[in-house]
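Participant: Take this structure, written in structure tokens, and hold onto it; I'll ask about it next.
The values are calculated or read from the model by the stated rules, or taken from the named source; none is laboratory data. Owing to the predicted nature of the structure, the values given are computational and were not obtained by experimental measurement. Quick reminder, even Gly has a Cβ in these numbers, built from the backbone with ideal geometry, and neighbours come from all protein chains shown.
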Amino acid sequence: MFVINLFFLDKKVGCLYYFFVFIEQIPVRLGELEIFSYLVACPKTREGIVIDVAAECEKILNKIKQRDINLKYIVSTHGHPDHIAGNQEMKKLTGAKIVLHEADVAFFNTEEAKDVFKRLGLFCLPKADILVKDNDILEIGTLKINIIHTPGHTPGSICLYVDGNLFTGDTLFVGAVGRTDLPGGSFEQLLNSIKEKLLPLPDETIIWPGHGYEGQSSTLAREKQQNLYITDFILGSY
């Protein structure tokens, strides 16, 4: 299907070209969990990143090869194991550098956090080649990817914004938000991150979540209208 000047969606291979950005949503499984990994690239230079490598690295690598993409970065939206478990293997396969927010690398390497997550069976230490912070920029080809620090789900959770597309990890889902009951989580902080960092973005921004509990994608306008966490807890408090 072609829509001139807006986007090109190739249903056969499940790829989206939107405002000169190549995006492919790749569902992967880690145990009973399904996570959305994303391949994001500059169509002009074929330089790209992969977001949230949880598992099934060979599946993701096949996509990278199929699209002839030169992978530059492996970016994790936060340090939970279901978003970083495949990082080291992907690095070995591609040579790409691992990117995480500095706050999550620091938090998950504390003795308290290691002990709690090990007891929960979620032990996987985040390691990074590049530590980022709020407002940092990752460049791939002609694209500039903005790092938005959105603490709440974890201290170092980030969203990535590029040309009208927002990759939200576990900060914002379709119709919901990320859990805050694990160590390092804060419901108040999460809502404030969404209010201060995400809601000011254009309404037409496309939301690409880390899990598809209620849907594979959305728009910021739709979430402002239908996501009860936004309508009741955030907008309702204005």
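Participant: Here are some conditions: (1) at pLDDT below 95; (2) within 17 Å of the chain's Cα centre (by Cα); (3) of a type outside the set (Asp, Glu); (4) outside any loop (DSSP other than H, G, I, E, B). Residue 235 meets all but one. Which one does it not meet?
Facilitator: (2)
Participant: Would you pick out the residues in region 122-137 that are part of a strand (DSSP E or B) and touching a Lys or Arg at 6+ places or on another chain (Cβ under 9 Å)?
Facilitator: Answer for region 122-137, where residues must be part of a strand (DSSP E or B) and touching a Lys or Arg at 6+ places or on another chain (Cβ under 9 Å): 130, 137.
Participant: On the basis of being over 12 Å from the mean Cα position of the chain (by Cα) and farther than 27 Å from residue 105 by Cα, does residue 213 make the cut?
Facilitator: No.
Participant: Within region 98-116, take every residue that is within 24 Å of residue 160 (Cβ to Cβ) and of a type outside the set (A, V, I, L, M) and give me the one that is farthest from the chain's Cα centre (by Cα).
Facilitator: Only one residue fits best here, namely 109.
Participant: Something else about it: So which residues in region 108-153 are at pLDDT below 95 and touching a strand residue (DSSP E or B) at 6+ places or on another chain (Cβ under 8 Å), if there are any at all?
Facilitator: Selection gives 126, 127.
Participant: Further, regarding this structure: Every residue in region 108-118 that is in contact (Cβ under 8 Å) with a residue 60 or more places away in the chain and either of a type outside the set (A, V, I, L, M, F, W, C) or outside any helix (DSSP H, G or I) (or both), please.
Facilitator: 112
Here is a yes/no grid of residues against (1) closer than 26 Å to residue 21 by Cα; (2) crowded, with 21+ Cβ neighbours inside 10 Å; (3) out of contact with any Gly (no Cβ under 8 Å at 6 or more places or on another chain):
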| site | (1), (2), (3) |
| --- | --- |
| 146 | yes, no, yes |
| 149 | yes, no, no |
| 156 | yes, yes, no |
| 164 | yes, no, yes |
| 168 | yes, yes, no |
| 173 | yes, yes, no |
| 182 | no, no, yes |
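Participant: Where the second residue is surrounded by fewer than 17 Cβ atoms within 10 Å (Cβ to Cβ) and not aliphatic (A, V, I, L, M) and the first is farther than 14 Å from residue 83 by Cβ and at pLDDT below 95 and lies in region 171-187, which pairs have Cβ atoms under 8 Å and are six or more apart or on separate chains?
Facilitator: Sorted first by the residue in region 171-187, then by its partner, the pairs are 183/112.
Participant: For region 25-37, does any single residue satisfy the condition of being surrounded by fewer than 18 Cβ atoms within 10 Å (Cβ to Cβ) and among the basic types (Lys, Arg)?
Facilitator: yes
Participant: On to the next question. Kindly indicate which of 56, 47, 32 is free of Cβ contacts under 8 Å to residues at least 24 places away in the same chain and more than 15 Å from the chain's Cα centre (by Cα).
Facilitator: 32
Participant: Report whether or not residue 197 is over 25 Å from residue 112 (Cβ atoms), among the basic types (Lys, Arg), surrounded by fewer than 22 Cβ atoms within 10 Å (Cβ to Cβ) and within 18 Å of the chain's Cα centre (by Cα).
Facilitator: yes
Participant: Applying the selection to region 216-232, what residues are outside any strand (DSSP E or B) and either within 22 Å of residue 50 (Cβ to Cβ) or under 18 Å from the mean Cα position of the chain (by Cα) (or both)?
Facilitator: Correct list: 216, 217, 220, 223.
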